Amino acid sequence: MADIRKETRESIVSYTFLSPFIVIFMVFLAFPIFYSLYLSLCQKTGYSITGLRFVGLKNYQELFADAEFWWSLLMTFYYAALTIPTGIGFSLLLALLLNNRLPGKMIFRSVYFLPNVLDLLVVGIIWKLLYTSGGMVTNLLEHFGITLQGGILGNPWTALPGIAVAMVLKGAGFGMILFLAALQNIPESIFEAAEIDGASNWQKFTKITIPLLSPVILFMIITGTMAALNAFTEIYAMTDSGGPVVLLGKNTLGATKLTGYYLFQKWENHQYGYAAAMSYVLLVITVTISLFNNWLFRRKD
């Protein structure tokens, strides 16, 4: 009986210490989640619940019939295909180069990591100046005979790849730190055993290094997918209303209009229910891709 009272008293003390976090979680996380779900089933301008009209799944029906949404989703997957593999590859290359006894390697690590601490809006504006007509990158391309009217961001074929290059260079430092930490945790004895067995450098890299780095690679794929689906700041900073347009049938579509930016435009136009419905569809896509990647890597293990 005394033990039960002691456990009850300890539970009450634990919940008392946890209560501030529970209150904050309910107010700032749980309530917005359920409110946005309710909002996705309503149509009305304004933030008040009393000003909303329940329409059921109408927002979702309109969303699935919206050609611009499917285009933004296609461009988002294209953006993810540009940024995720190149980001992982470039980060891993930097980590391999700096995972040795080179003099001044700490300076190089700091320099490569520095862009990651800068605000995304600031980085986007700087790259916009570099990419614009008369900018340093555009002038360099013209020196090699490549002329782009309106600069890199004014051309529908180069606008999204140009943004992808900027974001890969910005985020490479963070990926490099993750890979460096993982590389330094691989026991040297594994490589020594492989050398005794006659393994080449390429075999050690593909059969030992890459498999042991797979948790970091999975983490970067998942976070890269989430970043692509939520991409907004870089598009907002570097383009005007979704970038140069592309004519597809009867539709005029923005070459850099990703789902995150399209969602922002809907919210800005007071289509709150539509924007909330889009956010839940993007959530389902993100969770599905993450679970698939997790299953794929576990299967390989």
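Structure notes:
- Residue tally, condition under 22 Å from the mean Cα position of the chain (by Cα) and open to solvent by less than 50 Å² (accessible area, probe 1.4 Å), over segment 83-115: 10
- Residue under evaluation residue 184, criteria (1) within 25 Å of the chain's Cα centre (by Cα); (2) in contact (Cβ under 8 Å) with a residue 12 or more places away in the chain, criterion not met: (1)
- Where helices (runs of 4 or more DSSP H) sit wholly within segment 24-129, those with at least 2 residues that are hydroxyl-bearing (Ser, Thr, Tyr) occupy 31-39, 67-98, 105-117.
- Sole residue being at pLDDT 90 or above and surrounded by 13 or more Cβ atoms within 10 Å (Cβ to Cβ), chosen from 239, 286, 233: 233
One line per residue, one yes/no per condition, for (1) of a type in the set (Gly, Ala, Ser); (2) over 20 Å from residue 244 (Cβ atoms); (3) surrounded by fewer than 21 Cβ atoms within 10 Å (Cβ to Cβ):
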| residue | (1), (2), (3) |
| --- | --- |
| 136 | no, yes, yes |
| 147 | no, no, yes |
| 150 | yes, no, yes |
| 162 | yes, no, no |
| 165 | no, no, yes |
| 174 | no, yes, yes |
| 177 | no, yes, yes |
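- Residue 233 vs. criteria closer than 25 Å to residue 289 by Cα and within 13 Å of the chain's Cα centre (by Cα): yes
- Verdict on residue 243 being outside any helix (DSSP H, G or I) and in contact with a helix residue (DSSP H, G or I) (Cβ under 7 Å, 6 or more places away or on another chain): yes
- If the condition is being of a type outside the set (A, V, I, L, M, F, W, C) and in a helix (DSSP H, G or I), then segment 220-240 contributes 223, 224, 225, 233, 234, 236.
- Residues of segment 67-82 that turn out to be crowded, with 16+ Cβ neighbours inside 10 Å and either free of Cβ contacts under 8 Å to residues at least 12 places away in the same chain or not aromatic (Phe, Trp, Tyr) (or both), as a count: 7
- Tally, over segment 211-225, of residues that are open to solvent by less than 50 Å² (accessible area, probe 1.4 Å) and either over 23 Å from residue 177 (Cβ atoms) or β-branched (Val, Ile, Thr) (or both): 5
- Among the residues of segment 246-280, those that are farther than 22 Å from residue 121 by Cα and open to solvent by less than 20 Å² (accessible area, probe 1.4 Å) comprise 253, 272, 273, 274, 275, 276, 277, 278.
- Of the residues making up segment 235-262, those that are farther than 12 Å from residue 71 by Cα and among the charged types (D, E, K, R) are 240, 250.
The values are calculated or read from the model by the stated rules, or taken from the named source; none is laboratory data. The structure displayed is predicted, hence computed values, not measured ones. Here Cβ is always computed from backbone atoms with ideal geometry, including for glycine, and neighbour counts include all displayed protein chains. Note: areas computed on protein heavy atoms with side chains; ligands, DNA, RNA excluded. Shrake-Rupley method; radii C 1.70, N 1.55, O 1.52, S 1.80 Å.
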